[in-house]
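Below you'll find the structure, written out as structure tokens, and then a few comments.
The values are calculated or read from the model by the stated rules, or taken from the named source; none is laboratory data. Computed from a prediction, not measured in an experiment: that's the story for all the values here. Please note: Cβ atoms are built from the backbone with ideal geometry, for glycine as well, and neighbour counts cover all protein chains shown.
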Amino acid sequence: MPYRPTDQNQADTPSGLTHFNANGEAHMVDVGSKVDSHRIARAVGEIRMLPTTLHLIETGSHKKGDVLGVARIAGIMASKRTADLIPLCHPIPLTSVSVDFTIDRAGSLVRCEVTAETVGRTGVEMEALTALNVALLTIYDMCKAVDRGMIMSQIRLLEKQGGKSGHWQASHTI
């Protein structure tokens with residue numbers, strides 16, 4: 001049975017789900033009347049691994065090469081394909097995408113932070129989150145031969161700016 005929002009959760013109410021119309025049918029949100037604005041989204045996440053795996057990544061001695069360099073490119077490429085992967089996302093012109101990694105030896109993990117930007121009528125949260133997930137998946141793919149037990153976690157939107165809703169920041173950090 002398809003999802004049907006209640007009167008309190010209609011798409012045309014401030015608290016409604018925007019990807020469902022008043023009949024509960026999925027639809028692409030109409031952004032035609034929105035004003036262009038500079039929009040930024042930051043997403044973070046991490047991948048935990050064995051210390052020996054982290055050492056291979058950090059020293060560049062992994063036989064597949066520069067794991068983080070490849071993951072960075074994969075994340076950037078993925079951000080540009082978000083509308084192909086997430087059914088109701090608008091294709092947007094990205095003006096900037098950065099994928100940055102921090103190695104945490106004590107936690108035996110790699111933390112990834114993605115910042116995506118555009119000037120347009122809809123936000124870039126999905127592009128930042130897509131880039132983040134693909135970057136982490138690429139690390140997993142490149143290292144799975146030596147460590148199949150890696151764990152991706154703490155994936156979330158950290159901040160968004162721009163548009164009608166303005167500036168939003170997560171209330172807690174990882």
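Odds and ends about this structure:
- Flag if Thr82 is in contact (Cβ under 8 Å) with a residue 12 or more places away in the chain and within 19 Å of Ile47 (Cβ to Cβ): no
- Checking each residue in region 115-133 for being farther than 23 Å from Lys164 by Cβ and either buried (at least 22 other Cβ atoms within 10 Å of the Cβ) or aromatic (Phe, Trp, Tyr) (or both) picks out Ala131, Leu132.
- Take the conditions (1) within 22 Å of the chain's Cα centre (by Cα); (2) at pLDDT below 95; Asn21 misses just one of them, which is (1).
- If the condition is being of a type in the set (A, V, I, L, M) and in contact with a helix residue (DSSP H, G or I) (Cβ under 7 Å, 6 or more places away or on another chain), then region 129-157 contributes Ala131, Leu132, Val134, Ala135, Ile139, Met142, Val146, Met150, Met152, Ile155, Leu157.
- Scope region 134-154; condition under 30 Å from Ser37 (Cβ atoms) and crowded, with 20+ Cβ neighbours inside 10 Å; matching residues: Val134, Ala135, Leu136
- Test: residue in region 91-110 that is farther than 19 Å from Glu159 by Cα, touching a helix residue (DSSP H, G or I) at 6+ places or on another chain (Cβ under 6 Å) and at pLDDT below 95: yes
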